[in-house]
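Asker: Mind having a look at this structure? Questions to follow.
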């Protein structure tokens, strides 16, 4: 009898614990984040563990219902900024006792998609809800290889600011984020190419949102890019690591331990940025691309060397030659591609420089000069630069006593054309400066 009474007491204790045990299974929604990209809006739920979910589209009025099983909302919905998104309001409630229900009131029709991301070293479990605009063609900026009066086209430069959105990239002192630093450099670079005759720049990422590694390459090819440059400011385990670098693709392995480490880190960006497994390219397609891209590697290495030389004029270099590793973002079979590490944001001294607008401008100018110099020496057939080279474009080094108008008169060219051709903001020139003289 005593054994029976003890068993009953244990059973009673277990019955009392069941509700709390069941409650402990509830997944917590710790945070909500909202990102706006050119063609879609992304809502991210940070979860304390994996959870089942389902989407339900409703009409009259237009709504999207998100049910998360056994979940509890801890995040503040009111903190989300819904401006410039198709979401007019987000409401929450409890469904069937323990399930969380989010209702997204929509101001326009969208194409919804959702997927779960498993926890990794750098992020917890997440639920990603993407709302794609129905008219994505209007959302994406069109870039054309515009023709000049000569019938010759511009050279298209695709400028990719690494990371973005859910993926902040590397972090430096004072909450300095790689995604912010490289976007500023990319924008500076874009403006420099806009001012160049014969070039048409395009930004792969123009705001704080994430584009998949494959998506970055696809956008460059869709916009008919002649060159792809991906801008980064990475970190290393050892905070003493420092110096700017330029990388090209390697199909045979990395040229150094650092190159291998950085490639692995950059290639893992999709895990943090949020890419569905269904969006990954298949192994066969990647193999075929590897076989066909060897023709572009030589160009990538040469333009990379030109950029590295210009950066070395003012910045410390990590290595004095272009390094190679298996960067996924560089695997375009027909577009010369380089990845520029503007410095190590994990190094306190270099982080301070990268946080400076003036230093970022100097870095953008160096990348710009390196690319322009290479294309002037190797202009693509049919481009305006190729026409100018064939017509006999010359260079002149300024000496004491020279004036811009005097040089224009000497070479029989219009002074305004000469100024525009060399991106001069005024008539001020310096001894030792090299001017390009267009064909008269």
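Asker: Restrict the check to region 20-28 and report whether at least one residue is modelled with pLDDT of 60 or more and part of a strand (DSSP E or B).
Answerer: The answer is yes, given that some residue of region 20-28 is modelled with pLDDT of 60 or more and part of a strand (DSSP E or B).
Asker: Still on this structure: Going through region 359-385 one residue at a time, which ones are more than 26 Å from the chain's Cα centre (by Cα), assigned to a helix (DSSP H, G or I) and surrounded by fewer than 19 Cβ atoms within 10 Å (Cβ to Cβ)?
Answerer: Residues satisfying the conditions are 376, 377.
Asker: Next question, about the same structure. Out of the residues in region 103-136 meeting the condition of being assigned to a strand (DSSP E or B) and in contact with a helix residue (DSSP H, G or I) (Cβ under 8 Å, 6 or more places away or on another chain), tell me which one is modelled with the highest pLDDT.
Answerer: The selected residue is 133.
Asker: Let me ask something else. In region 415-425, what residues are in contact with a strand residue (DSSP E or B) (Cβ under 9 Å, 6 or more places away or on another chain) and touching a residue at least 40 places away in the same chain (Cβ under 8 Å)?
Answerer: Restricting attention to region 415-425, the residues satisfying the condition of being in contact with a strand residue (DSSP E or B) (Cβ under 9 Å, 6 or more places away or on another chain) are 418, 421-422, 424.
Passing the criteria: only 421.
Asker: Has region 46-60 got at least one residue that is closer than 27 Å to residue 216 by Cβ and surrounded by 15 or more Cβ atoms within 10 Å (Cβ to Cβ)?
Answerer: Yes, region 46-60 has at least one match.
Asker: Name the residues in region 159-182 that are assigned to a helix (DSSP H, G or I) and either buried (at least 23 other Cβ atoms within 10 Å of the Cβ) or in contact (Cβ under 8 Å) with a residue 40 or more places away in the chain (or both), would you?
Answerer: Result: 173, 174, 178, 179, 181, 182.
Asker: Any idea which residue in region 68-90 is surrounded by the most Cβ atoms within 10 Å (Cβ to Cβ), counting only those that are part of a strand (DSSP E or B) and under 32 Å from the mean Cα position of the chain (by Cα)?
Answerer: So the residue we want is 68.
Asker: Would you mind finding the one in 238, 208, 234 that is more than 23 Å from residue 379 (Cα to Cα) and free of Cβ contacts under 8 Å to residues at least 24 places away in the same chain?
Answerer: On the way: 208 fails: free of Cβ contacts under 8 Å to residues at least 24 places away in the same chain; 234 fails: free of Cβ contacts under 8 Å to residues at least 24 places away in the same chain.
Only one candidate qualifies: 238.
Asker: Go through 191, 266 for me and flag whichever is crowded, with 18+ Cβ neighbours inside 10 Å, in contact with a helix residue (DSSP H, G or I) (Cβ under 9 Å, 6 or more places away or on another chain) and part of a helix (DSSP H, G or I).
Answerer: Sole residue among the options that is crowded, with 18+ Cβ neighbours inside 10 Å, in contact with a helix residue (DSSP H, G or I) (Cβ under 9 Å, 6 or more places away or on another chain) and part of a helix (DSSP H, G or I): 266.
Asker: Right, next: Quick one: in region 386-414, which of the residues that are assigned to a helix (DSSP H, G or I) and touching a residue at least 40 places away in the same chain (Cβ under 8 Å) is farthest from residue 156 (Cα to Cα)?
Answerer: Checking each candidate, the answer is 391.
Asker: At pLDDT below 90 and either outside any strand (DSSP E or B) or surrounded by fewer than 18 Cβ atoms within 10 Å (Cβ to Cβ) (or both): does that describe residue 97? It would help to see each step written out before you state the result.
Answerer: Values: at pLDDT below 90: yes; either outside any strand (DSSP E or B) or surrounded by fewer than 18 Cβ atoms within 10 Å (Cβ to Cβ) (or both): yes.
When the stated conditions are applied, residue 97 passes them.
Asker: Regarding region 346-354, can at least one residue be identified that is under 18 Å from the mean Cα position of the chain (by Cα), buried (at least 21 other Cβ atoms within 10 Å of the Cβ) and at negative phi?
Answerer: yes
Asker: Ok, one more. Quick one: is residue 248 within 24 Å of residue 380 (Cβ to Cβ), modelled with pLDDT under 95, within 19 Å of the chain's Cα centre (by Cα) and outside any loop (DSSP other than H, G, I, E, B)?
Answerer: On the way: within 24 Å of residue 380 (Cβ to Cβ): yes; modelled with pLDDT under 95: yes; within 19 Å of the chain's Cα centre (by Cα): yes; outside any loop (DSSP other than H, G, I, E, B): yes.
Taking the combined requirement at face value, the residue satisfies it.
Asker: Also, I was wondering about something else. Name the residues in region 109-133 that are within 16 Å of residue 42 (Cα to Cα) and surrounded by fewer than 13 Cβ atoms within 10 Å (Cβ to Cβ), would you?
Answerer: Correct list: 111 only.
Asker: Additional query: Provide a single number: the residues in region 415-440 that are in a loop (DSSP other than H, G, I, E, B) and surrounded by fewer than 13 Cβ atoms within 10 Å (Cβ to Cβ). Reasoning before the result, please.
Answerer: To start, the set of residues in region 415-440 that are in a loop (DSSP other than H, G, I, E, B) comprises 422-433, 438-440.
Those left that are additionally surrounded by fewer than 13 Cβ atoms within 10 Å (Cβ to Cβ): 425-428, 430-432, 440.
Count: 8.
Asker: Filter region 292-324 down to the residues that are assigned to a helix (DSSP H, G or I) and exposed (fewer than 15 other Cβ atoms within 10 Å of the Cβ), then identify the one that is modelled with the lowest pLDDT.
Answerer: Here the residue is 292.
Asker: Listed residues 217, 205; which is part of a helix (DSSP H, G or I) and under 11 Å from the mean Cα position of the chain (by Cα)?
Answerer: 217
The values are calculated or read from the model by the stated rules, or taken from the named source; none is laboratory data. Here the structure is a predicted model, which means the values were calculated and not measured. Here Cβ is always computed from backbone atoms with ideal geometry, including for glycine, and neighbour counts include all displayed protein chains.
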